[in-house]
1. Suppose we keep only residues that are surrounded by 11 or more Cβ atoms within 10 Å (Cβ to Cβ) and part of a strand (DSSP E or B) within segment 21-45. Which one would you say is modelled with the lowest pLDDT?
2. Would you please name the residue that is nearest to residue 252 (Cα to Cα), looking only at residues in segment 174-185 that are in a helix (DSSP H, G or I) and touching a helix residue (DSSP H, G or I) at 6+ places or on another chain (Cβ under 8 Å)?
3. Please name all residue pairs, on different chains or six or more residues apart, with Cβ atoms under 8 Å, provided the first residue is in segment 185-197 and is assigned by TED's automatic domain parsing to the domain that holds residue 240 and under 20 Å from residue 130 (Cα atoms) and the second residue is outside any helix (DSSP H, G or I) and modelled with pLDDT of 90 or more.
4. With respect to the numbered conditions (1) over 30 Å from residue 328 (Cβ atoms); (2) in contact with a helix residue (DSSP H, G or I) (Cβ under 9 Å, 6 or more places away or on another chain); (3) free of Cβ contacts under 8 Å to residues at least 60 places away in the same chain, which one is the sole condition not fulfilled by residue 229?
5. Of all residues in segment 249-275, count the ones that are surrounded by fewer than 19 Cβ atoms within 10 Å (Cβ to Cβ), in contact with a helix residue (DSSP H, G or I) (Cβ under 7 Å, 6 or more places away or on another chain) and outside any helix (DSSP H, G or I).
6. Restricting the search to segment 49-97, which residues are part of a helix (DSSP H, G or I) and closer than 30 Å to residue 30 by Cβ?
7. For segment 157-173, does any single residue satisfy the condition of being closer than 22 Å to residue 256 by Cβ, free of Cβ contacts under 8 Å to residues at least 60 places away in the same chain and assigned to a loop (DSSP other than H, G, I, E, B)?
8. Do we have residue 233 as under 28 Å from residue 326 (Cα atoms) and at pLDDT 95 or above here?
């Protein structure tokens with residue numbers, strides 16, 4: 001829609017707001033609106049006027065993976081209140097918080113996690129999501145609500161934290177390979193625990209993108225969502241590498257050069273993300289080519305366990321290249 005700019009006084013220009021938008025958000029004279037400048041565009045938002053966005057999730061007959069997907073989707077979409085309904089006839093449930101590790105990873109290491117009552121299981125799920133808490137419980141339900149308001153600054157801080165946690169996992173993995181910590185189930189648990197922080201921050205960033213949508217252009221939102229998705233996949237690859245080390249019965253030191261190259265590669269992307277320039281992009285491109293060349297040279301000298309382990313670092317490098325592609329697109 002087109003709007004005419006009106007001059008008021010000597011240096012003031014005003015613009016009228018669309019009446020349908022004003023009515024929909026119940027904007028009144030004297031209210032404060034957030035105005036952000038984005039690449040020559042003005043974004044006007046009235047975040048404080050959005051009504052609560054409730055959701056109801058009936059988890060009866062849900063598998064644990066399905067429960068996670070439903071709750072995660074409601075959380076990411078920005079729901080302020082989530083009512084969870086459950087079957088009162090079911091006295092115990094699988095532990096949702098440790099489901100994947102207990103079913104697939106820890107089980108191979110002899111780990112068993114006991115079942116829990118439904119409300120305890122749900123509490124474990126809720127604790128995984130930043131800013132949410134159970135405020136009411138009943139015989140067959142509980143109500144989960146947002147305990148504080150998220151902000152754009154929290155998005156920036158959380159995104160930065162994802163990068164730092166990934167670099168932390170690189171350091172821990174390199175340390176484990178250097179010290180021959182193979183065959184240690186505790187290392188597998190440690191990496192899984194660190195990766196949970198990535199998952200939490202990714203979900204929180206997605207939530208803020210959806211709740212504070214007026215602060216981002218559609219193009220920027222698309223690129224940020226894709227970036228978050230790939231960063232989550234990078235974190236998952238560390239989990240697989242951690243399990244590989246925990247299950248290995250021989251030294252994996254041979255992959256140390258690849259691990260260090262993958263870390264340096266990701267660090268280049270990290271700096272490029274926050275301070276983009278052409279020379280840094282060229283340096284990254286050359287480094288990406290060198291990693292693939294070195295991988296095939298090193299792989300020929302590795303034992304079978306190490307060859308398989310090297311695949312995790314090559315996958316991380318592939319994800320990193322895709323992340324750089326998204327960052328380049330952000331420039332246009």
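The values are calculated or read from the model by the stated rules, or taken from the named source; none is laboratory data. Since this is a predicted model, take the numbers as computed values, not measurements. Neighbour counts are summed over all protein chains in view; Cβ atoms, including those assigned to glycine, are modelled from backbone coordinates with ideal geometry.
1. Ranking the qualifying residues of segment 21-45, first place goes to 38.
2. Restricting to residues being in a helix (DSSP H, G or I) and touching a helix residue (DSSP H, G or I) at 6+ places or on another chain (Cβ under 8 Å), the top hit is 177.
3. 196/128
4. (1)
5. Summing the residues that are surrounded by fewer than 19 Cβ atoms within 10 Å (Cβ to Cβ), in contact with a helix residue (DSSP H, G or I) (Cβ under 7 Å, 6 or more places away or on another chain) and outside any helix (DSSP H, G or I) in segment 249-275 gives 1.
6. Selection gives 49 alone.
7. Within segment 157-173, not a single residue is closer than 22 Å to residue 256 by Cβ, free of Cβ contacts under 8 Å to residues at least 60 places away in the same chain and assigned to a loop (DSSP other than H, G, I, E, B).
8. yes
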